Each structure stands twice: as C-alpha cells, then as structure tokens.
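The structure appears below as structure tokens.
The values are calculated or read from the model by the stated rules, or taken from the named source; none is laboratory data. All values reported here derive from a predicted model rather than from experimental measurement. Here Cβ is always computed from backbone atoms with ideal geometry, including for glycine, and neighbour counts include all displayed protein chains.
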Amino acid sequence: MQKKFATFAIAVLAILLILFAHIGARLTATVPAFTFAEEARELYLTFDDGPSTVVTNRILDTLREEAVKATFFIVGERVHGREETLQRIAQEGHTIGVHSNTHRYDTIYASEQAFLEDVSACAKIIEETAKIKPHVYRFPGGGTHKRKAKLLEDLGYEIVPWNAVCGDEEIPNAAKETLVNTALKTAAGKRKVVLLCHDSATHAPTAAALPEIIRRFRAEGYAFKAF
Ligand SMILES: [Zn+2]
C-alpha cells in the first residue's frame, strides 16, 4: 500500500513539475524580452557645417549641461582659428565626422579624385587638431552618391544620412519653437532618429532651441546617442 502511495505521489509530483515547466515556459514566452529593444528609442543629434565660435560652443554648453553626446560633421577649412572649439568637441566625448573640407559642391563633386582629396584634407585637419581619426562621413547636400559611398566605405567610413530635420536650413530665420516642432514632427513614429541640425555661425536659433529639443525628445522616451 505504502509503495503504491509512493508511486502515486511521484506520479503527481512529475505531473506537477511538467505543468510548472509549461507555465514557466509560457510565462517566459509572454514576458516580452524583446519589447525593450523594440520600443527603445534612440536620437542621434547631428550638427553639420561647423565649427563656429559662438554657436558651436553654445551647443557644447547645452550638451554638457544635459549630459548628452552628439556627432559633429565639420568643414575642415572652418577649423582655422577655431582649433580649440574642435578640440573641445573631442575632449567632451562627442564624435567628429568628416563633412567636407570646403563645402563647395562644384569642386567637391567635380571628379572622384577631387572628392577623395576633399575628404582626406578634412580628415587630416581633424587628426592633426583633435588627435582622432574620423570614422563617419556625411555628404554635403545629402544624397546617396553610391559610387562615392563605396569608395568611402572601403576607406573605413560609415556614411551617415539623416531621417529628421529641425528645419534650420529649410526654414529661414525660424523661431526656436518652429525648430522644436519641426524636429518632433519629422521624427514622429521613428524609433531611431538621426536629426539634422547645423552649428555654423548663422545658426544661433538652433543653439537656442537645443535645450527644448533635448527636453521634448527625452520626455518621449528617447535615449541620446553619438555615432
Ligand atoms: Zn553641410
């Protein structure tokens, strides 16, 4: 009798174990392990056409206050006289990318050779001034430029397009609120946002709008990243 009971008890235990294992498996299956990654929102702030003395430094002040890292696609010949600003970008942990040496489309895109010379002239200034080797590139004027992109990828560059804008180029003399709203509107529904902004001398409104841009995207659950 006792032996029968023991067998029965073992059988019940086994059934219970199997049941729990199933429930456990179902629980882990329903725990959305991937949801966080799927819902994680990332914002890459990118600033083109700098460095400039006032605007770039104001932007750097805000980024430091907000503990946010960003990416600066610089114009090589604008570094002259602003070496400290470029060094500050690197020292404060931001990424410096190549945008162009001259930003003059007619010469940059005149030939493949001219294009590569422009890239390497800008990269050289970054390396000599900020002591870092750039690994990201943004085409002046945007676009895909397939053949040139391939040449750059062979050199180890990642090409960085954008998928949202704050409107500081598109809307002349835009008010701060317009820039904030344009950024939010063009980024709407995107999990990974690469936001195009500018930090050349004429873009004081961008520097003024940046704290609010950061605050609003943070409230939307975005984490800030640099390339
Ligand atoms: Zn540009």
Could you tell me whether the range 43-52 includes any residue that is modelled with pLDDT of 95 or more, on the phi < 0 side of the Ramachandran plot and not in a strand (DSSP E or B)? yes
Filter the range 133-151 down to the residues that are surrounded by 13 or more Cβ atoms within 10 Å (Cβ to Cβ) and away from the ligand (no atom under 16 Å from the Cβ) and list them by number. His135, Ala149, Leu151
Sole miss for Asp168 among (1) crowded, with 20+ Cβ neighbours inside 10 Å; (2) within 24 Å of Lys133 (Cβ to Cβ); (3) within 12 Å of the ligand (Cβ to nearest atom) is condition (2)
If you scan the range 108-129, which residues turn out to be away from the ligand (no atom under 15 Å from the Cβ) and in contact with a strand residue (DSSP E or B) (Cβ under 6 Å, 6 or more places away or on another chain)? Ala123, Ile126
Can you name the helices (runs of 4 or more DSSP H) wholly within the range 91-190 that have at least 3 residues being more than 21 Å from Val68 (Cα to Cα)? 105-108, 112-130, 146-154
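Listed here are the residues, each with its yes/no results for (1) within 14 Å of Arg138 (Cβ to Cβ); (2) touching a Lys or Arg at 6+ places or on another chain (Cβ under 9 Å); (3) free of Cβ contacts under 8 Å to residues at least 24 places away in the same chain; (4) within 16 Å of the ligand (Cβ to nearest atom).
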residue	(1), (2), (3), (4)
Thr62	no, no, no, no
Lys69	no, yes, no, no
Glu77	no, no, no, yes
Glu84	no, no, yes, no
Ala90	no, yes, no, no
Val98	yes, yes, no, yes
Asp106	no, no, yes, yes
Quick check on the range 191-227: of everything there that is of a type in the set (A, V, I, L, M), more than 16 Å from the ligand (Cβ to nearest atom) and part of a strand (DSSP E or B), which residue is nearest to Ile74 (Cα to Cα)? Val193
Looking at this structure, is Val180 over 16 Å from Thr56 (Cα atoms), within 16 Å of the ligand (Cβ to nearest atom), buried (at least 17 other Cβ atoms within 10 Å of the Cβ) and assigned by TED's automatic domain parsing to the domain that holds His103? no
